[in-house]
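Structure first, commentary second.
The values are calculated or read from the model by the stated rules, or taken from the named source; none is laboratory data. Quantities reported herein were computed from a predicted structural model and do not represent experimental measurements. Every residue, glycine as well, gets a Cβ built from its backbone with ideal geometry; the counts of neighbours run over all protein chains shown. Side chains included, ligands, DNA and RNA excluded: accessible areas come from the protein's heavy atoms. Shrake-Rupley method; radii C 1.70, N 1.55, O 1.52, S 1.80 Å.
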Amino acid sequence: MNNNEFTFETRLLHNRHKIDPTTGAVSVPIQHASTFHQYDIDQFGKYDYSRSLNPTREALEDVIAELEGGIRGFAFSSGMAAISTAFLLLSSGDHVVITEDVYGGTFRMVTEVLTRFGIEHTFVDMTDLNQVQAAIQPNTKAFYMETPSNPLLKVADIRAICNLAKEVQALTFIDNTFLTPALQKPLELGADIVLHSATKFLSGHSDVVAGLAVVKDEELGKRLGYLQNAFGAVLGVQDAWLVLRGLKTLSVRLEQSQKSAQILADFLSSHPMIKEVYYPGLKNHPQYELQQVQALGAGAVLSFELADEEAVRTFVANVKIPVFAVSLGAVESILSYPAKMSHAAMPQTEREKRGISNSLLRFSAGLENPNDLILDISQALGKVSESQLALHQGEHL
Ligand SMILES: *Cc1c(COP(=O)(O)O)cnc(C)c1O
């Protein structure tokens, strides 16, 4: 029986790196060496220098490639290092069609850095295929997707966009950070490169910054491997080990967090203090059906809109369980304020155009008991209601 016959949950634990061949160790050894002795002046060994290839990093690269259904994986020092290195596949004069509510760091890279190298872009709402089609130019060489998007959880049709890209021989990049291969396999839907901030769900414990890329094509793998070595933003071995360790519990963590996210989304949807809930697991989400078709679940991240910025301030000051922080995808719930955190790199006018208002909060469900989360959120919303009431009474004095 080969590994591919096992389910995803089993393959998280039983892959070809589960036992170290030299010692039988059941955890991947951390190989700190930066360089490797060469026994033959004419014939170097497989490893020569750790920027180019390191056995610990290689284990992680193999594991993520297998989990995404690709043939080669690459580990980088951050999600942004993975994304930026992938963009180095492009050249001056090329054009990228990119989803409009892309991660703030990717927005910064595309608008402030790539433009200096003559790489152009067009932002589109990728839920609208007509907009995607209309944005194509003779020099379009890549489509960049993030689905569900951040922070509005819009869902793009991966297969349809990959088909459009193939018609014009452009590459498709997809940031799969929010769902991970546990829930979504973009390579199987036609994408060329899957990118990850492994800082989030893949490692899952808010204790490492890492990035990954996976491809399914040998030739593209060679080009990206060349760039990984040329640019040199590789992941350190301790951090590679932490991601490997985190991956083992990915399925159980994500399953539990996703359950909680659904419970919270349902609860918030019927709460009078909440103006809007964004979660693709809600039946009234505009792409609910599409999400059901192209992924195994809606994930563990949701966003919601309060009345105004004042309400956000009161809520954040009173909520007790979630950490109030940048990031997502961890064992502890994380509450974020996109306008000042993940999307701070986006000017306010651009944010508002995209519906990322100052009253929007993002919630990444952790592993706490969902009943506790609901109790906590309820009491914090109660405080928002009290303070709004007090304000109204003040007006009538
Ligand atoms: C965090 C994040 C990134 C950037 O990853 P880093 O590891 O912080 O560099 C990219 N895309 C998404 C969707 C993210 O959430």
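Some observations on this one:
- Selection of region 326-373 for residues being without any contact (Cβ under 8 Å) to a residue 24 or more places away in the chain and touching a Leu at 6+ places or on another chain (Cβ under 8 Å) yields only Ala339.
Here is a yes/no grid of residues against (1) closer than 24 Å to Val208 by Cα; (2) surrounded by fewer than 24 Cβ atoms within 10 Å (Cβ to Cβ); (3) assigned by TED's automatic domain parsing to the domain that holds Phe304:
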position: Ile83; (1), (2), (3): yes, no, no
position: Ala142; (1), (2), (3): no, yes, no
position: Met145; (1), (2), (3): no, no, no
position: Pro148; (1), (2), (3): yes, no, no
position: Ala170; (1), (2), (3): no, yes, no
position: Leu179; (1), (2), (3): yes, no, no
position: Lys185; (1), (2), (3): yes, yes, no
position: Gly190; (1), (2), (3): no, yes, no
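Matching residues to (1) at pLDDT below 95; (2) open to solvent by less than 30 Å² (accessible area, probe 1.4 Å); (3) basic (Lys, Arg):
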{"position": "Tyr39", "(1), (2), (3)": "no, no, no"}
{"position": "Phe44", "(1), (2), (3)": "yes, no, no"}
{"position": "Ser50", "(1), (2), (3)": "no, yes, no"}
{"position": "Asn54", "(1), (2), (3)": "no, yes, no"}
{"position": "Leu60", "(1), (2), (3)": "no, yes, no"}
{"position": "Ala65", "(1), (2), (3)": "no, yes, no"}
{"position": "Glu68", "(1), (2), (3)": "no, yes, no"}
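- Within region 1-25, residues that are in the same structural domain as Lys185 (by TED's automatic domain parsing) and in a loop (DSSP other than H, G, I, E, B) sit with their Cβ atoms under 9 Å from residues that are among the acidic types (Asp, Glu) and modelled with pLDDT of 95 or more, at 6+ positions apart or across chains, in these pairs: Asn15/Asp62; Asn15/Glu66; Arg16/Asp62; Arg16/Glu66; His17/Glu58; His17/Asp62.
- Test: residue in region 262-284 that is polar (S, T, N, Q), in contact (Cβ under 8 Å) with a residue 40 or more places away in the chain and either open to solvent by 80 Å² or more (accessible area, probe 1.4 Å) or in contact with a helix residue (DSSP H, G or I) (Cβ under 6 Å, 6 or more places away or on another chain) (or both): no
- Answer from Val384, Val316 - the residue that is buried (at least 19 other Cβ atoms within 10 Å of the Cβ) and more than 22 Å from the chain's Cα centre (by Cα): Val384
- Tally, over region 137-173, of residues that are within 11 Å of the ligand (Cβ to nearest atom), among the β-branched types (Val, Ile, Thr) and touching a Leu at 6+ places or on another chain (Cβ under 7 Å): 0
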